[in-house]
Amino acid sequence: MLPILYSFRRCPYAMRARMAISYSGTECELREVVLKNKPESMLRASPKGTVPVVIDGDQVIDESIEVMAWALAKADPEGWLSHSIKHPLIQRNDHEFKAYLDHYKYFDRFPEQPQSYYFDQGLEFLNDLESRLNADINGHYFLETPKLTVLDVAIFPFIRQFAMVDKAKFDAQCLPKLQAWFEFLMTSTLFLKVMQKVPAWQTDQQECILFGI
């Protein structure tokens with residue numbers, strides 16, 4: 001029986017999990033979730049109700065980093081784990097930067113400061129990433145090592161969400177290496193593949209949507 005992946009296309013946590021699963025070639029049954037109407041089967045497996053959730057036999061994995069680790073343990077053909085899945089920069093992204101991102105994107109919920117203030121907080125992390133990017137022989141930039149690793153993939157979906165709040169403002173920043181890194185990943189075959197639209201999963205659905213092959 002195939003592992004089941006509950007996902008939501010636009011969620012950055014689910015994006016990085018799907019990228020790792022697809023890269024590793026781990027075949028799953030994909031169940032696209034409507035967040036306003038979460039399936040009871042997902043909530044029974046993971047009561048916290050967030051995506052991604054992987055059900056692999058008796059094992060339930062409901063943290064995106066752990067889903068990435070699960071997939072990469074099955075196959076890591078290009079050595080993504082040359083950086084640790086617990087790298088401090090990923091931890092900083094998931095905790096410090098994610099808070100800045102939420103305040104910036106949903107600034108109307110945080111009226112204590114103007115949106116520009118929250119942008120500037122997030123920009124500090126972007127400037128740090130800019131300083132950590134290294135080019136490979138083809139001129140493509142990657143974080144800390146001149147090749148794509150789990151470090152890039154774990155962080156990229158959150159930078160995407162930040163950039164898309166106001167793409168013109170993101171593009172206007174003096175972040176040439178980060179912007180090149182961003183565009184490379186945005187147009188990568190891997191990212192485009194995992195962002196293909198699929199219909200929302202229905203409880204009584206007979207057809208299985210395969211993912212990861």
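Rule-based calculations on the coordinates, nothing more; no lab input. The model shown is predicted, which means the values in this text are computed figures rather than measured ones. FYI the Cβ positions are ideal-geometry reconstructions off the backbone, even for glycines, and counts take in every protein chain you see.
If you take all other residues with their beta carbon under 15 Å from the beta carbon of TYR100, and give Lys and Arg +1 and Asp and Glu -1, the sum is -2.
Beyond a 22 Å Cα-Cα separation, which of these cross-linked pairs lie in this structure: LYS105/LYS167; LYS147/LYS197; LYS36/LYS197; LYS86/LYS167; LYS86/LYS177? LYS147/LYS197; LYS86/LYS167; LYS86/LYS177, as the Cα separations exceed 22 Å there. As I understand it, the dipole of the stretch 36-87 uses +1 on the Cβ of Lys and Arg and -1 on the Cβ of Asp and Glu, about the Cα centre. Which of LEU72, VAL53, PRO39 lies farthest toward its positive end? So the residue we want is PRO39.
Considering only DSSP beta bridges whose two residues both sit in the chain, what percent are antiparallel, to the nearest 5? Rounded to the nearest five, the antiparallel share is 75 percent.
Selection among GLN202, LEU190, MET15 by position relative to the dipole of the chain gives GLN202 as farthest towards the positive end (Cβ unit charges, Cα centre). Summary of packing: across the peptides 64-72, 82-90, the per-residue average of other C-beta atoms within 10 Å ranks them, highest first, as 64-72, 82-90. Placing dummy labels 7 Å off each Cα toward the beta-carbon, the span from ALA168 to ASP120 is 2.2 nm. A simple charge model with +1 on the Cβ of Lys and Arg, -1 on the Cβ of Asp and Glu and nothing else charged puts the dipole of the chain at about 320 debye relative to its Cα centre. Enumerate the residues in the stretch 11-40 having an amide nitrogen under 12 Å from the point lying 7 Å beyond the Cα of LEU2 toward its Cβ. It comes to 26-32, nothing else. Among residues other than LEU133 with Cβ under 9 Å from its Cβ, the summed charge is 0 (Lys and Arg +1, Asp and Glu -1). Here Cα extents along the principal axes in Å was calculated from the structure, and among [x] 54, 43, 33; [y] 50, 45, 27; [z] 63, 38, 31 it sits at label [y].
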